[in-house]
Amino acid sequence: MRKLNFNFLTGLLTLCSLYVTAQQTYVNKDWEYIGGIPGQYDYVQSKLHSNGNLILVGNNSTNGQTDILITALNVDGTVAWQQTNSGANGQNDYGTDLAIDNTGNIFVCGAVHNGSNVDYRILKYSPDGALIWTKQYNGTGNGDDVPVAIRIDASNSIYVTGTSTGSGTLTDFTTLKYDQSGTLLWTKRYNYSNLPEVATCLEIDNSGNVFVAGASANIINNSDFCVVKYNSSGTQLAVQRHSTTGNGYDLPAEMTINGNGSIFIVGTSEAGNNKNVKLLALTNTLTVLWSQYIDQFGRDDEGYSIAQTPSNNLVITGYSKKQSGGTNLIVAKYTLTGTQVWLKNKTALIDNEIAKGRKVRVNNNGKIFVSGESFTDNSRDFVTQSYDENGNILWEKTFDNSNSTEKSAQLVVSNDDVFITGTTSDGNNDQLATVKYSAVDKPYSVAGSGDTLWNARQLIIRFDTSAIIKPAID
(Lines give C-alpha, C1' and ligand atoms only; values in the text may rest on other atoms or scores of the structure.)
Protein backbone atom coordinates (compact mmCIF):
# COMPACT_ATOMS: atom_id res chain seq x y z
CA MET A 1 0.00 0.00 0.00
CA ARG A 2 1.27 3.47 -0.89
CA LYS A 3 -0.66 5.92 1.28
CA LEU A 4 -4.02 6.95 2.63
CA ASN A 5 -5.91 9.51 0.55
CA PHE A 6 -8.91 11.10 2.25
CA ASN A 7 -9.60 13.37 -0.76
CA PHE A 8 -10.14 10.45 -3.12
CA LEU A 9 -13.70 11.52 -3.97
CA THR A 10 -12.98 15.24 -4.17
CA GLY A 11 -14.72 16.94 -7.06
CA LEU A 12 -16.64 13.89 -8.25
CA LEU A 13 -20.08 15.02 -7.05
CA THR A 14 -21.96 18.18 -6.24
CA LEU A 15 -24.55 17.56 -3.57
CA CYS A 16 -27.72 19.56 -3.11
CA SER A 17 -27.63 18.56 0.52
CA LEU A 18 -24.80 17.59 2.80
CA TYR A 19 -25.99 14.07 3.55
CA VAL A 20 -27.45 11.41 1.20
CA THR A 21 -28.35 7.85 2.25
CA ALA A 22 -28.60 4.90 -0.14
CA GLN A 23 -27.64 1.23 -0.29
CA GLN A 24 -25.64 -1.06 -2.48
CA THR A 25 -25.97 -4.82 -3.03
CA TYR A 26 -22.77 -6.81 -2.68
CA VAL A 27 -22.73 -10.31 -4.19
CA ASN A 28 -20.09 -12.94 -3.55
CA LYS A 29 -19.55 -16.34 -5.13
CA ASP A 30 -19.05 -18.43 -2.01
CA TRP A 31 -18.14 -21.70 -3.74
CA GLU A 32 -18.51 -23.92 -6.76
CA TYR A 33 -18.82 -27.70 -6.90
CA ILE A 34 -18.10 -29.76 -10.01
CA GLY A 35 -18.88 -33.46 -9.65
CA GLY A 36 -20.72 -36.28 -11.37
CA ILE A 37 -20.64 -37.21 -15.05
CA PRO A 38 -24.20 -37.36 -16.39
CA GLY A 39 -25.15 -39.86 -19.06
CA GLN A 40 -27.58 -39.39 -21.91
CA TYR A 41 -29.96 -37.34 -19.75
CA ASP A 42 -28.21 -34.45 -18.01
CA TYR A 43 -31.19 -33.53 -15.82
CA VAL A 44 -30.43 -32.66 -12.20
CA GLN A 45 -32.65 -31.59 -9.28
CA SER A 46 -31.73 -29.80 -6.04
CA LYS A 47 -33.33 -29.02 -2.68
CA LEU A 48 -32.03 -27.36 0.49
CA HIS A 49 -32.15 -29.54 3.61
CA SER A 50 -33.10 -28.14 7.01
CA ASN A 51 -29.57 -29.00 8.23
CA GLY A 52 -28.14 -26.58 5.65
CA ASN A 53 -26.96 -29.22 3.19
CA LEU A 54 -27.83 -28.84 -0.48
CA ILE A 55 -29.10 -32.17 -1.83
CA LEU A 56 -28.55 -32.93 -5.53
CA VAL A 57 -30.11 -35.76 -7.52
CA GLY A 58 -28.96 -36.63 -11.01
CA ASN A 59 -26.94 -39.42 -12.55
CA ASN A 60 -23.34 -40.47 -12.95
CA SER A 61 -21.68 -42.53 -15.69
CA THR A 62 -18.82 -44.92 -14.99
CA ASN A 63 -17.56 -47.80 -17.11
CA GLY A 64 -20.38 -47.43 -19.62
CA GLN A 65 -23.17 -47.58 -17.02
CA THR A 66 -25.21 -44.68 -15.67
CA ASP A 67 -26.55 -44.81 -12.09
CA ILE A 68 -28.74 -42.55 -9.97
CA LEU A 69 -26.47 -40.17 -8.06
CA ILE A 70 -27.43 -38.45 -4.79
CA THR A 71 -25.01 -35.87 -3.38
CA ALA A 72 -25.25 -33.85 -0.16
CA LEU A 73 -23.11 -30.70 -0.09
CA ASN A 74 -22.08 -29.03 3.16
CA VAL A 75 -22.60 -25.31 3.70
CA ASP A 76 -19.07 -24.71 2.41
CA GLY A 77 -19.65 -26.69 -0.80
CA THR A 78 -17.71 -29.80 0.22
CA VAL A 79 -19.30 -33.23 -0.09
CA ALA A 80 -21.05 -34.37 3.10
CA TRP A 81 -22.03 -37.75 1.62
CA GLN A 82 -22.76 -39.34 -1.72
CA GLN A 83 -24.79 -42.39 -2.75
CA THR A 84 -25.50 -44.18 -6.01
CA ASN A 85 -28.38 -46.49 -6.86
CA SER A 86 -28.75 -48.74 -9.87
CA GLY A 87 -31.03 -51.25 -11.55
CA ALA A 88 -30.06 -54.05 -13.91
CA ASN A 89 -26.33 -54.52 -14.35
CA GLY A 90 -24.85 -52.71 -17.33
CA GLN A 91 -27.99 -50.62 -17.95
CA ASN A 92 -28.67 -46.91 -17.47
CA ASP A 93 -30.61 -45.37 -14.58
CA TYR A 94 -31.52 -41.73 -13.93
CA GLY A 95 -32.57 -39.69 -10.91
CA THR A 96 -35.39 -37.23 -11.64
CA ASP A 97 -36.61 -35.54 -8.44
CA LEU A 98 -36.35 -35.41 -4.65
CA ALA A 99 -38.36 -34.25 -1.65
CA ILE A 100 -37.55 -33.83 2.04
CA ASP A 101 -40.04 -34.53 4.83
CA ASN A 102 -40.43 -32.55 8.05
CA THR A 103 -38.10 -34.91 9.94
CA GLY A 104 -35.30 -34.55 7.41
CA ASN A 105 -35.68 -37.84 5.53
CA ILE A 106 -34.88 -37.58 1.83
CA PHE A 107 -37.03 -39.20 -0.86
CA VAL A 108 -35.73 -39.69 -4.38
CA CYS A 109 -37.50 -40.86 -7.51
CA GLY A 110 -35.89 -41.99 -10.72
CA ALA A 111 -36.06 -44.40 -13.63
CA VAL A 112 -34.14 -47.67 -13.33
CA HIS A 113 -33.66 -50.41 -15.90
CA ASN A 114 -35.11 -53.84 -15.20
CA GLY A 115 -33.29 -55.53 -18.08
CA SER A 116 -36.01 -54.85 -20.66
CA ASN A 117 -37.23 -51.31 -19.96
CA VAL A 118 -37.28 -48.72 -17.17
CA ASP A 119 -39.50 -48.58 -14.08
CA TYR A 120 -40.27 -46.03 -11.39
CA ARG A 121 -37.90 -46.30 -8.44
CA ILE A 122 -38.57 -44.57 -5.12
CA LEU A 123 -35.83 -44.38 -2.48
CA LYS A 124 -35.90 -43.21 1.14
CA TYR A 125 -32.68 -41.98 2.79
CA SER A 126 -31.94 -40.75 6.28
CA PRO A 127 -30.53 -37.20 6.62
CA ASP A 128 -27.00 -38.64 6.74
CA GLY A 129 -27.46 -40.66 3.54
CA ALA A 130 -28.32 -44.14 4.85
CA LEU A 131 -30.73 -46.01 2.54
CA ILE A 132 -33.90 -46.93 4.45
CA TRP A 133 -36.03 -48.56 1.74
CA THR A 134 -36.42 -49.01 -2.01
CA LYS A 135 -39.65 -49.41 -3.99
CA GLN A 136 -40.26 -50.04 -7.67
CA TYR A 137 -43.29 -49.72 -9.97
CA ASN A 138 -43.84 -51.41 -13.34
CA GLY A 139 -46.83 -50.11 -15.30
CA THR A 140 -49.71 -52.11 -16.74
CA GLY A 141 -48.20 -52.11 -20.24
CA ASN A 142 -44.88 -53.58 -19.05
CA GLY A 143 -43.05 -50.83 -20.96
CA ASP A 144 -41.11 -47.72 -20.00
CA ASP A 145 -42.25 -45.95 -16.82
CA VAL A 146 -40.54 -42.68 -15.89
CA PRO A 147 -41.36 -40.65 -12.75
CA VAL A 148 -40.90 -36.90 -12.97
CA ALA A 149 -41.96 -35.49 -9.59
CA ILE A 150 -42.18 -36.47 -5.93
CA ARG A 151 -43.97 -34.50 -3.20
CA ILE A 152 -44.78 -34.99 0.50
CA ASP A 153 -47.98 -33.82 2.16
CA ALA A 154 -48.47 -32.42 5.66
CA SER A 155 -48.89 -35.92 7.14
CA ASN A 156 -45.63 -37.10 5.49
CA SER A 157 -47.33 -39.28 2.87
CA ILE A 158 -45.30 -39.57 -0.35
CA TYR A 159 -46.73 -38.94 -3.83
CA VAL A 160 -44.95 -39.73 -7.07
CA THR A 161 -46.17 -39.00 -10.58
CA GLY A 162 -44.83 -39.56 -14.05
CA THR A 163 -45.47 -41.19 -17.40
CA SER A 164 -46.17 -44.89 -17.59
CA THR A 165 -46.83 -47.25 -20.50
CA GLY A 166 -50.36 -48.58 -20.32
CA SER A 167 -52.01 -51.69 -21.68
CA GLY A 168 -53.39 -50.53 -25.02
CA THR A 169 -53.33 -46.87 -23.93
CA LEU A 170 -49.85 -45.83 -25.09
CA THR A 171 -48.65 -43.70 -22.11
CA ASP A 172 -50.65 -42.41 -19.13
CA PHE A 173 -50.27 -40.03 -16.21
CA THR A 174 -49.55 -42.43 -13.34
CA THR A 175 -49.59 -41.29 -9.72
CA LEU A 176 -48.66 -43.37 -6.67
CA LYS A 177 -49.11 -42.76 -2.95
CA TYR A 178 -46.86 -44.36 -0.30
CA ASP A 179 -46.77 -44.13 3.47
CA GLN A 180 -43.56 -43.54 5.44
CA SER A 181 -42.82 -47.26 5.65
CA GLY A 182 -42.96 -47.60 1.87
CA THR A 183 -46.35 -49.30 1.67
CA LEU A 184 -48.13 -48.50 -1.61
CA LEU A 185 -51.51 -47.01 -0.66
CA TRP A 186 -52.94 -46.40 -4.13
CA THR A 187 -52.16 -46.10 -7.84
CA LYS A 188 -54.10 -43.87 -10.23
CA ARG A 189 -53.74 -43.67 -14.00
CA TYR A 190 -55.21 -41.03 -16.32
CA ASN A 191 -55.79 -41.90 -19.97
CA TYR A 192 -57.65 -39.95 -22.66
CA SER A 193 -58.78 -41.73 -25.84
CA ASN A 194 -55.87 -44.19 -25.63
CA LEU A 195 -53.49 -41.47 -26.84
CA PRO A 196 -50.20 -40.36 -25.23
CA GLU A 197 -50.09 -38.52 -21.91
CA VAL A 198 -46.85 -37.04 -20.56
CA ALA A 199 -46.87 -35.89 -16.92
CA THR A 200 -44.64 -32.96 -15.95
CA CYS A 201 -45.90 -31.47 -12.64
CA LEU A 202 -47.19 -32.56 -9.23
CA GLU A 203 -48.35 -30.29 -6.40
CA ILE A 204 -50.43 -30.65 -3.22
CA ASP A 205 -52.71 -27.93 -1.83
CA ASN A 206 -53.28 -27.00 1.82
CA SER A 207 -56.23 -29.40 2.03
CA GLY A 208 -54.21 -32.39 0.87
CA ASN A 209 -55.64 -32.50 -2.64
CA VAL A 210 -53.22 -33.72 -5.30
CA PHE A 211 -52.85 -32.03 -8.70
CA VAL A 212 -51.08 -33.68 -11.63
CA ALA A 213 -50.40 -31.70 -14.81
CA GLY A 214 -48.92 -32.53 -18.16
CA ALA A 215 -49.57 -32.83 -21.86
CA SER A 216 -52.45 -34.99 -23.04
CA ALA A 217 -53.10 -35.68 -26.73
CA ASN A 218 -56.56 -35.23 -28.23
CA ILE A 219 -55.38 -36.32 -31.67
CA ILE A 220 -52.05 -37.88 -32.51
CA ASN A 221 -50.33 -34.57 -33.42
CA ASN A 222 -52.04 -32.23 -30.96
CA SER A 223 -51.85 -32.13 -27.16
CA ASP A 224 -53.51 -29.97 -24.50
CA PHE A 225 -52.57 -28.69 -21.07
CA CYS A 226 -54.23 -31.24 -18.80
CA VAL A 227 -54.69 -31.09 -15.01
CA VAL A 228 -56.15 -33.92 -12.90
CA LYS A 229 -57.25 -33.42 -9.29
CA TYR A 230 -57.37 -36.24 -6.71
CA ASN A 231 -58.19 -36.17 -3.03
CA SER A 232 -55.84 -37.80 -0.55
CA SER A 233 -57.73 -41.10 -0.89
CA GLY A 234 -57.04 -41.20 -4.62
CA THR A 235 -60.55 -40.33 -5.77
CA GLN A 236 -60.45 -38.33 -9.02
CA LEU A 237 -62.35 -35.09 -8.36
CA ALA A 238 -61.90 -33.07 -11.53
CA VAL A 239 -60.08 -32.84 -14.87
CA GLN A 240 -59.33 -29.75 -16.94
CA ARG A 241 -58.16 -30.02 -20.53
CA HIS A 242 -57.22 -26.62 -21.93
CA SER A 243 -56.55 -26.34 -25.63
CA THR A 244 -55.01 -23.59 -27.73
CA THR A 245 -56.25 -22.72 -31.23
CA GLY A 246 -54.28 -24.57 -33.91
CA ASN A 247 -52.66 -27.99 -33.91
CA GLY A 248 -49.45 -28.52 -31.99
CA TYR A 249 -48.00 -29.79 -28.76
CA ASP A 250 -48.89 -27.87 -25.60
CA LEU A 251 -46.61 -28.76 -22.69
CA PRO A 252 -46.90 -27.51 -19.08
CA ALA A 253 -43.51 -26.92 -17.45
CA GLU A 254 -44.19 -25.86 -13.85
CA MET A 255 -47.19 -25.42 -11.55
CA THR A 256 -47.77 -23.50 -8.34
CA ILE A 257 -50.76 -23.28 -5.95
CA ASN A 258 -51.48 -20.21 -3.85
CA GLY A 259 -52.93 -20.00 -0.35
CA ASN A 260 -56.49 -19.76 -1.72
CA GLY A 261 -56.04 -22.96 -3.68
CA SER A 262 -55.87 -21.40 -7.13
CA ILE A 263 -53.57 -23.17 -9.58
CA PHE A 264 -51.17 -21.40 -11.95
CA ILE A 265 -49.28 -23.21 -14.70
CA VAL A 266 -46.64 -21.98 -17.12
CA GLY A 267 -45.47 -23.81 -20.21
CA THR A 268 -45.49 -23.72 -23.97
CA SER A 269 -48.27 -23.87 -26.54
CA GLU A 270 -47.69 -24.61 -30.20
CA ALA A 271 -49.85 -23.53 -33.14
CA GLY A 272 -48.50 -24.65 -36.48
CA ASN A 273 -44.78 -23.93 -36.39
CA ASN A 274 -44.94 -21.19 -33.77
CA LYS A 275 -44.49 -21.71 -30.03
CA ASN A 276 -45.73 -19.24 -27.41
CA VAL A 277 -45.35 -18.95 -23.65
CA LYS A 278 -48.64 -20.04 -22.10
CA LEU A 279 -49.81 -19.06 -18.61
CA LEU A 280 -52.99 -20.71 -17.30
CA ALA A 281 -54.94 -19.94 -14.12
CA LEU A 282 -57.52 -22.33 -12.62
CA THR A 283 -59.74 -22.40 -9.56
CA ASN A 284 -59.27 -25.20 -7.06
CA THR A 285 -62.07 -27.09 -8.81
CA LEU A 286 -60.17 -26.67 -12.11
CA THR A 287 -62.45 -24.07 -13.66
CA VAL A 288 -60.48 -21.81 -16.01
CA LEU A 289 -59.96 -18.29 -14.63
CA TRP A 290 -57.85 -16.95 -17.51
CA SER A 291 -55.03 -17.72 -19.90
CA GLN A 292 -52.30 -15.45 -21.24
CA TYR A 293 -49.65 -15.83 -23.93
CA ILE A 294 -46.31 -14.24 -24.82
CA ASP A 295 -45.28 -13.97 -28.48
CA GLN A 296 -42.75 -11.14 -28.56
CA PHE A 297 -41.26 -11.35 -32.03
CA GLY A 298 -43.62 -13.65 -33.91
CA ARG A 299 -41.23 -16.56 -33.40
CA ASP A 300 -40.80 -19.29 -30.80
CA ASP A 301 -41.31 -18.41 -27.14
CA GLU A 302 -41.25 -20.97 -24.33
CA GLY A 303 -42.13 -20.75 -20.64
CA TYR A 304 -40.15 -22.84 -18.16
CA SER A 305 -40.77 -21.69 -14.60
CA ILE A 306 -43.24 -19.86 -12.35
CA ALA A 307 -43.18 -18.51 -8.78
CA GLN A 308 -45.37 -16.44 -6.48
CA THR A 309 -44.37 -13.22 -4.75
CA PRO A 310 -45.30 -12.27 -1.15
CA SER A 311 -47.51 -9.51 -2.60
CA ASN A 312 -49.66 -12.10 -4.42
CA ASN A 313 -48.26 -11.69 -7.90
CA LEU A 314 -46.75 -14.20 -10.31
CA VAL A 315 -43.37 -14.16 -12.04
CA ILE A 316 -42.38 -16.42 -14.92
CA THR A 317 -39.26 -17.00 -16.98
CA GLY A 318 -38.36 -18.58 -20.31
CA TYR A 319 -37.15 -17.22 -23.63
CA SER A 320 -38.22 -15.44 -26.81
CA LYS A 321 -36.62 -16.10 -30.19
CA LYS A 322 -35.61 -13.14 -32.37
CA GLN A 323 -35.30 -12.61 -36.10
CA SER A 324 -31.53 -12.92 -35.77
CA GLY A 325 -31.99 -16.51 -34.61
CA GLY A 326 -30.80 -15.67 -31.09
CA THR A 327 -33.01 -15.74 -28.03
CA ASN A 328 -33.67 -13.38 -25.14
CA LEU A 329 -34.01 -14.54 -21.56
CA ILE A 330 -37.39 -13.18 -20.44
CA VAL A 331 -38.80 -12.44 -17.00
CA ALA A 332 -42.40 -11.27 -16.64
CA LYS A 333 -44.64 -10.32 -13.73
CA TYR A 334 -48.43 -10.85 -13.69
CA THR A 335 -51.23 -10.08 -11.26
CA LEU A 336 -53.45 -12.90 -10.07
CA THR A 337 -56.07 -11.68 -12.54
CA GLY A 338 -53.74 -12.16 -15.49
CA THR A 339 -52.60 -8.60 -16.16
CA GLN A 340 -48.98 -8.34 -17.25
CA VAL A 341 -47.26 -5.76 -15.04
CA TRP A 342 -43.85 -5.82 -16.74
CA LEU A 343 -41.65 -7.92 -19.00
CA LYS A 344 -37.85 -7.79 -19.06
CA ASN A 345 -35.47 -9.05 -21.73
CA LYS A 346 -31.86 -10.05 -21.29
CA THR A 347 -29.95 -10.44 -24.54
CA ALA A 348 -26.81 -12.46 -25.12
CA LEU A 349 -23.58 -10.59 -25.73
CA ILE A 350 -23.94 -11.45 -29.44
CA ASP A 351 -27.43 -10.90 -30.84
CA ASN A 352 -27.75 -14.22 -32.67
CA GLU A 353 -26.64 -16.24 -29.64
CA ILE A 354 -28.67 -17.83 -26.86
CA ALA A 355 -30.02 -16.42 -23.59
CA LYS A 356 -32.67 -18.45 -21.74
CA GLY A 357 -34.29 -18.32 -18.31
CA ARG A 358 -34.67 -21.75 -16.72
CA LYS A 359 -35.93 -21.14 -13.18
CA VAL A 360 -37.44 -18.28 -11.20
CA ARG A 361 -37.82 -18.13 -7.43
CA VAL A 362 -38.79 -15.40 -4.93
CA ASN A 363 -37.55 -14.95 -1.36
CA ASN A 364 -39.63 -13.84 1.63
CA ASN A 365 -38.65 -10.19 1.03
CA GLY A 366 -40.07 -10.21 -2.48
CA LYS A 367 -36.74 -10.30 -4.31
CA ILE A 368 -36.96 -12.20 -7.57
CA PHE A 369 -34.14 -14.52 -8.64
CA VAL A 370 -33.71 -15.98 -12.12
CA SER A 371 -31.23 -18.58 -13.30
CA GLY A 372 -30.49 -19.54 -16.86
CA GLU A 373 -27.72 -19.36 -19.39
CA SER A 374 -26.43 -16.72 -21.76
CA PHE A 375 -23.63 -16.39 -24.30
CA THR A 376 -21.00 -14.07 -22.83
CA ASP A 377 -17.40 -13.62 -23.98
CA ASN A 378 -16.76 -16.87 -25.83
CA SER A 379 -19.12 -19.50 -24.43
CA ARG A 380 -22.56 -20.06 -23.00
CA ASP A 381 -22.45 -19.59 -19.22
CA PHE A 382 -24.69 -19.73 -16.17
CA VAL A 383 -26.39 -16.36 -15.70
CA THR A 384 -28.11 -15.41 -12.45
CA GLN A 385 -30.16 -12.26 -11.97
CA SER A 386 -32.03 -10.62 -9.12
CA TYR A 387 -34.89 -8.13 -9.53
CA ASP A 388 -37.09 -6.17 -7.19
CA GLU A 389 -40.86 -6.45 -7.61
CA ASN A 390 -40.89 -3.35 -9.81
CA GLY A 391 -38.66 -5.06 -12.34
CA ASN A 392 -35.49 -3.15 -11.45
CA ILE A 393 -32.44 -5.36 -11.70
CA LEU A 394 -30.52 -5.58 -8.44
CA TRP A 395 -27.57 -7.68 -9.60
CA GLU A 396 -26.38 -10.11 -12.23
CA LYS A 397 -23.65 -12.75 -12.13
CA THR A 398 -22.23 -15.16 -14.69
CA PHE A 399 -20.30 -18.36 -14.11
CA ASP A 400 -17.94 -19.85 -16.67
CA ASN A 401 -16.09 -23.04 -15.80
CA SER A 402 -12.85 -22.56 -17.78
CA ASN A 403 -14.52 -21.56 -21.04
CA SER A 404 -16.89 -24.52 -20.93
CA THR A 405 -20.53 -24.43 -21.99
CA GLU A 406 -22.94 -24.25 -19.05
CA LYS A 407 -26.64 -25.10 -18.97
CA SER A 408 -28.66 -24.15 -15.90
CA ALA A 409 -31.33 -26.51 -14.57
CA GLN A 410 -32.25 -25.68 -10.97
CA LEU A 411 -32.39 -22.71 -8.62
CA VAL A 412 -32.70 -22.79 -4.83
CA VAL A 413 -33.12 -19.57 -2.84
CA SER A 414 -32.83 -19.17 0.93
CA ASN A 415 -33.09 -15.54 2.04
CA ASP A 416 -30.31 -13.94 -0.05
CA ASP A 417 -28.36 -17.16 -0.60
CA VAL A 418 -28.69 -18.53 -4.12
CA PHE A 419 -27.74 -22.00 -5.40
CA ILE A 420 -27.61 -22.69 -9.14
CA THR A 421 -27.22 -26.24 -10.42
CA GLY A 422 -26.82 -27.50 -13.96
CA THR A 423 -24.22 -28.95 -16.27
CA THR A 424 -20.88 -27.83 -17.62
CA SER A 425 -19.26 -29.22 -20.77
CA ASP A 426 -15.84 -28.70 -22.34
CA GLY A 427 -17.08 -30.21 -25.61
CA ASN A 428 -15.89 -33.70 -24.73
CA ASN A 429 -17.10 -34.32 -21.20
CA ASP A 430 -20.18 -33.20 -19.29
CA GLN A 431 -20.20 -32.69 -15.53
CA LEU A 432 -22.72 -31.53 -12.95
CA ALA A 433 -22.01 -28.06 -11.60
CA THR A 434 -23.34 -26.08 -8.63
CA VAL A 435 -22.53 -22.49 -7.71
CA LYS A 436 -23.51 -20.63 -4.55
CA TYR A 437 -23.85 -16.85 -4.31
CA SER A 438 -24.60 -14.77 -1.24
CA ALA A 439 -25.84 -11.20 -1.36
CA VAL A 440 -26.03 -8.45 1.23
CA ASP A 441 -27.64 -5.02 0.99
CA LYS A 442 -25.29 -2.54 2.64
CA PRO A 443 -26.60 0.95 3.43
CA TYR A 444 -24.18 3.77 2.85
CA SER A 445 -24.29 7.53 3.09
CA VAL A 446 -22.39 10.26 1.31
CA ALA A 447 -21.40 13.24 3.46
CA GLY A 448 -19.94 16.53 2.39
CA SER A 449 -18.18 19.60 3.61
CA GLY A 450 -17.85 22.30 0.99
CA ASP A 451 -16.62 20.66 -2.22
CA THR A 452 -15.02 17.71 -0.45
CA LEU A 453 -17.16 14.56 -0.38
CA TRP A 454 -16.61 11.22 1.26
CA ASN A 455 -18.50 8.10 2.23
CA ALA A 456 -19.60 8.69 5.78
CA ARG A 457 -18.03 6.36 8.36
CA GLN A 458 -15.89 4.76 5.65
CA LEU A 459 -12.14 4.78 5.20
CA ILE A 460 -11.05 4.92 1.57
CA ILE A 461 -7.61 3.54 0.80
CA ARG A 462 -5.66 4.02 -2.40
CA PHE A 463 -2.93 1.47 -3.14
CA ASP A 464 -0.86 0.00 -5.92
CA THR A 465 -3.06 -2.48 -7.83
CA SER A 466 -0.03 -4.55 -8.75
CA ALA A 467 -0.06 -5.70 -5.13
CA ILE A 468 -3.34 -7.54 -5.69
CA ILE A 469 -3.34 -11.27 -6.39
CA LYS A 470 -6.19 -10.84 -8.89
CA PRO A 471 -6.98 -14.54 -9.55
CA ALA A 472 -7.87 -14.89 -5.87
CA ILE A 473 -10.53 -12.17 -6.06
CA ASP A 474 -14.14 -12.76 -7.06
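Yes or no, residue by residue, for (1) closer than 24 Å to ASP301 by Cα; (2) hydrophobic (A, V, I, L, M, F, W, C):
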position: CYS201; (1), (2): yes, yes
position: CYS226; (1), (2): yes, yes
position: ALA238; (1), (2): no, yes
position: PRO252; (1), (2): yes, no
position: ASN260; (1), (2): no, no
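Looking at the range 200-305, the strands (runs of 3 or more DSSP E) lying wholly inside it that each contain 2 or more residues that are modelled with pLDDT of 95 or more and farther than 26 Å from SER371 by Cβ sit at 210-219, 222-230, 236-242, 288-294.
Among the residues here, THR317 does not qualify as open to solvent by 50 Å² or more (accessible area, probe 1.4 Å), at pLDDT 95 or above and β-branched (Val, Ile, Thr). Note on the range 104-136: residues that are in a strand (DSSP E or B) and either modelled with pLDDT under 95 or of a type in the set (Ser, Thr, Tyr) (or both) total 3. Has the range 137-149 got any residue that is touching a His at 6+ places or on another chain (Cβ under 7 Å) and either open to solvent by 10 Å² or more (accessible area, probe 1.4 Å) or closer than 18 Å to SER233 by Cβ (or both)? There is no residue in the range 137-149 that is touching a His at 6+ places or on another chain (Cβ under 7 Å) and either open to solvent by 10 Å² or more (accessible area, probe 1.4 Å) or closer than 18 Å to SER233 by Cβ (or both). Which residue is modelled with the lowest pLDDT, if the candidates are limited to the range 389-406 and must be among the small types (Gly, Ala, Ser) and surrounded by fewer than 18 Cβ atoms within 10 Å (Cβ to Cβ)? Among those residues, the one meeting the criterion is SER402.
Is there a residue in the range 174-195 that is open to solvent by 10 Å² or more (accessible area, probe 1.4 Å), within 25 Å of the chain's Cα centre (by Cα) and under 22 Å from LEU280 (Cβ atoms)?
Applying the first criterion (open to solvent by 10 Å² or more (accessible area, probe 1.4 Å)) to the range 174-195 yields 177, 179-181, 183-195.
Those left that are additionally within 25 Å of the chain's Cα centre (by Cα): 177.
Remaining after also requiring under 22 Å from LEU280 (Cβ atoms): none.
Scanning the range 174-195 turns up no residue that is open to solvent by 10 Å² or more (accessible area, probe 1.4 Å), within 25 Å of the chain's Cα centre (by Cα) and under 22 Å from LEU280 (Cβ atoms).
So which of ASN312, ASN247 ends up being open to solvent by 20 Å² or more (accessible area, probe 1.4 Å), in contact with a Leu (Cβ under 7 Å, 6 or more places away or on another chain) and over 23 Å from ILE150 (Cβ atoms)?
Numbers: ASN247 fails: in contact with a Leu (Cβ under 7 Å, 6 or more places away or on another chain).
Unique residue meeting the criteria: ASN312.
Inside the range 412-431, residues that are open to solvent by less than 10 Å² (accessible area, probe 1.4 Å) and of a type outside the set (Val, Ile, Thr) make up a count of 1. Against the test of being among the hydrophobic types (A, V, I, L, M, F, W, C) and closer than 29 Å to HIS49 by Cα, the options ILE350, ILE330, ILE393 yield a single qualifying residue, ILE393.
Would you be able to tell me the number of residues in the range 269-293 that are in contact with a strand residue (DSSP E or B) (Cβ under 9 Å, 6 or more places away or on another chain), open to solvent by 10 Å² or more (accessible area, probe 1.4 Å) and either closer than 15 Å to LEU251 by Cβ or among the polar types (S, T, N, Q) (or both)? Spell out how you get there, then give the answer.
Narrowing the range 269-293 to residues in contact with a strand residue (DSSP E or B) (Cβ under 9 Å, 6 or more places away or on another chain): 269-270, 274-293.
Imposing the further condition that a residue be open to solvent by 10 Å² or more (accessible area, probe 1.4 Å) reduces the set to 270, 274-276, 283-285, 287-293.
In the following step, the residues that additionally are either closer than 15 Å to LEU251 by Cβ or among the polar types (S, T, N, Q) (or both) were identified as 270, 274-276, 283-285, 287, 291-293.
Result for the range 269-293: 11.
Part of a strand (DSSP E or B) and open to solvent by 70 Å² or more (accessible area, probe 1.4 Å): which single residue out of VAL331, VAL360, VAL341 fits that description?
Numbers: VAL331 fails: open to solvent by 70 Å² or more (accessible area, probe 1.4 Å); VAL360 fails: open to solvent by 70 Å² or more (accessible area, probe 1.4 Å).
Just a single option satisfies the conditions, and that option is VAL341.
Of all the criteria given as (1) over 26 Å from GLY36 (Cβ atoms); (2) of a type in the set (S, T, N, Q); (3) open to solvent by 20 Å² or more (accessible area, probe 1.4 Å); (4) in contact with a strand residue (DSSP E or B) (Cβ under 9 Å, 6 or more places away or on another chain), the one not satisfied by SER386 is (3).
The values are calculated or read from the model by the stated rules, or taken from the named source; none is laboratory data. This one's a predicted model, so the numbers in the text were calculated from it and none came from an experiment. Every residue, glycine among them, receives a Cβ derived from its backbone with ideal geometry; neighbour counts consider all protein chains shown. We work out accessible area using only protein heavy atoms, side chains counted, and drop any ligands, DNA or RNA first. Shrake-Rupley method; radii C 1.70, N 1.55, O 1.52, S 1.80 Å.
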